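The values are calculated or read from the model by the stated rules, or taken from the named source; none is laboratory data. Since this is a predicted model, take the numbers as computed values, not measurements. Please note: Cβ atoms are built from the backbone with ideal geometry, for glycine as well, and neighbour counts cover all protein chains shown.
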Amino acid sequence: MIPAPPDDPSHPTGQHPYARLTPDQVLDALGGVGLHGDGRLMGLSSYENRVYQAYLENGERVVAKFYRPGRWSREQIQEEHDFAAELVAAEVPAVAPLVLHGATVHAHGGFLFSVSPWRGGRAPELDDWEVLEWVGRFLARLHTVGAARPFVHRPALDAQSHGAEPRNWLLAHAAVPLDMQSRWQDACQRALETIAACAGPSSAGARFGIENSHQIRLHGDCHPGNILWTPADLPGGGPHFVDLDDARSGPAVQDLWMLLSGDRRQRTGQLSALLEGYEQFRSFDRRELALIEPLRTLRLIHYSAWLARRWEDPIFPANFPWFGSSDYWSGQVDLLEEQIEAMHEAPLAA
């Protein structure tokens with residue numbers, strides 16, 4: 001079994017804190033902020049937090065999000081909410097928490113939670129050029145708001161926090177099986193060295209990498225599942241962004257690359273469509289295209305550590321039964337080797 005991190009405050013009784021979050025607790029929390037549920041709750045897809053769609057007595061639906069204890073501070077959660085409110089004020093289609101009793105962050109039963117309006121939608125058709133261009137326009141508007149001022153409490157996306165630190169944690173907690181530890185550690189080290197080395201010189205002669213790219217407030221986890229699409233012929237139709245839980249500072253390209261898929265030709269076409277829309281509202285520094293594969297590599301390393309750190313939450317073994325085996329880590333070595341090769345290739349051009 002993968003051990004829990006030593007600074008995790010959630011295991012003093014041997015029970016994961018989310019075991020305390022019963023339906024009655026959720027309904028009591030909503031009642032405490034003046035929202036009275038009719039008893040119907042539906043769990044929504046979320047591993048990091050616990051998120052529920054709740055039906056209220058007046059017939060409306062809301063989404064209640066209970067933050068994972070120990071992950072974000074109240075100040076960091078408040079920055080997420082403030083960013084979402086800024087986006088809504090700028091008419092960027094995002095879902096912001098409701099202000100209830102003068103606040104958006106609430107506490108109940110040892111959890112911090114928020115309540116947001118329910119919004120329907122489906123995943124966008126990212127093989128449609130017009131849809132990609134539309135998403136690109138809204139991402140540019142999101143980044144315009146994000147560039148207006150920095151985060152104070154939220155961390156930045158960098159090679160230390162998403163590469164070296166999770167690598168060190170995995171090794172320190174013996175999360176990698178002994179038969180794969182040496183191979184994975186070697187591949188991980190070479191990948192991190194490649195990330196540092198591929199930060200090439202800019203036109204001014206200075207090195208250009210993740211840390212010295214232009215840092216703005218980002219969505220942070222802008223994959224297709226966090227963009228909901230409603231038919232264009234409906235009021236407010238088109239894309240809207242959900243789940244700013246991973247919002248942090250970083251280069252703008254972080255919110256673009258996770259929308260790309262397929263072979264190099266397909267990704268180049270998708271990127272061209274995104275930037276066609278993006279640059280209608282905001283300029284894009286083409287040097288950031290060289291960061292796509294380094295960012296993808298960091299996500300691989302960070303993802304393995306994320307799974308390992310959460311392993312004592314019962315939802316993780318149930319949904320990721322393949323994690324932690326020698327086969328898993330062998331696959332990670334192969335992926336890191338592929339990423340090392342990809343980082344030596346010319347960046348995508350659009």
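Brief remarks follow.
- Screening ALA54, ALA19 for residues that are touching a Phe, Trp or Tyr at 6+ places or on another chain (Cβ under 9 Å) and either surrounded by 14 or more Cβ atoms within 10 Å (Cβ to Cβ) or at negative phi (or both) leaves exactly one candidate, ALA54.
- Residue identified as within 19 Å of ILE216 (Cα to Cα) and surrounded by 15 or more Cβ atoms within 10 Å (Cβ to Cβ) among GLU75, GLU79: GLU79
- For LEU27, the conditions (1) buried (at least 19 other Cβ atoms within 10 Å of the Cβ); (2) free of Cβ contacts under 8 Å to residues at least 40 places away in the same chain; (3) assigned to a strand (DSSP E or B) all hold with the exception of (3).
- Subset of segment 82-97 [exposed (fewer than 15 other Cβ atoms within 10 Å of the Cβ) and outside any helix (DSSP H, G or I)]: ALA90, GLU91
- Verdict on SER283 being free of Cβ contacts under 8 Å to residues at least 40 places away in the same chain, among the hydroxyl-bearing types (Ser, Thr, Tyr) and out of contact with any Ser or Thr (no Cβ under 9 Å at 6 or more places or on another chain): yes
- Taking (1) surrounded by fewer than 14 Cβ atoms within 10 Å (Cβ to Cβ); (2) without any contact (Cβ under 8 Å) to a residue 40 or more places away in the chain; (3) over 12 Å from VAL115 (Cα atoms) in turn, GLY37 satisfies each apart from (1).
- Members of segment 107-131 found to be at pLDDT 95 or above and surrounded by 19 or more Cβ atoms within 10 Å (Cβ to Cβ), listed by number: PHE111, LEU112, PHE113, SER114, VAL115, SER116
- Residues being farther than 26 Å from CYS198 by Cβ and not basic (Lys, Arg) - total across segment 274-318: 14
- Boolean, ILE315 is of a type in the set (Val, Ile, Thr) and surrounded by 16 or more Cβ atoms within 10 Å (Cβ to Cβ): no
- Meets criteria (over 24 Å from GLU60 (Cα atoms), in contact with a strand residue (DSSP E or B) (Cβ under 8 Å, 6 or more places away or on another chain) and surrounded by fewer than 20 Cβ atoms within 10 Å (Cβ to Cβ)) for ALA174: no
- Filter pass, GLY331 being out of contact with any Asp or Glu (no Cβ under 6 Å at 6 or more places or on another chain) and at positive phi: no
- Any hit, segment 37-57, residues being over 25 Å from ILE315 (Cβ atoms), part of a loop (DSSP other than H, G, I, E, B), modelled with pLDDT of 95 or more and touching a strand residue (DSSP E or B) at 6+ places or on another chain (Cβ under 8 Å): yes
- Selection status of ALA305, more than 27 Å from ARG217 (Cβ to Cβ), within 23 Å of the chain's Cα centre (by Cα) and modelled with pLDDT of 95 or more: no
- Candidates in segment 298-323 are the residues that are part of a helix (DSSP H, G or I) and without any contact (Cβ under 8 Å) to a residue 12 or more places away in the chain; of these, the one that is farthest from MET180 (Cα to Cα) is ALA318.
- Subset of segment 247-282 (residues that are of a type outside the set (Lys, Arg) and under 20 Å from ARG149 (Cβ atoms)): ALA247, SER249, GLY250, PRO251, ALA252, GLN254, ASP255, PHE281
- Here is the figure for segment 341-350: residues that are in a helix (DSSP H, G or I) and surrounded by fewer than 18 Cβ atoms within 10 Å (Cβ to Cβ) total 3.
- Remark: pairs (first residue in segment 70-87, assigned by TED's automatic domain parsing to the domain that holds THR104; second residue charged (D, E, K, R); Cβ separation under 7 Å; 6+ apart in sequence or on different chains) = GLY70/ASP8; GLN76/ARG154; GLU79/ARG154; GLU80/ASP245; PHE83/ARG217.
- When GLY70 is tested against the conditions (1) at pLDDT 95 or above; (2) part of a loop (DSSP other than H, G, I, E, B); (3) within 29 Å of LEU307 (Cα to Cα), the lone failure is (1).
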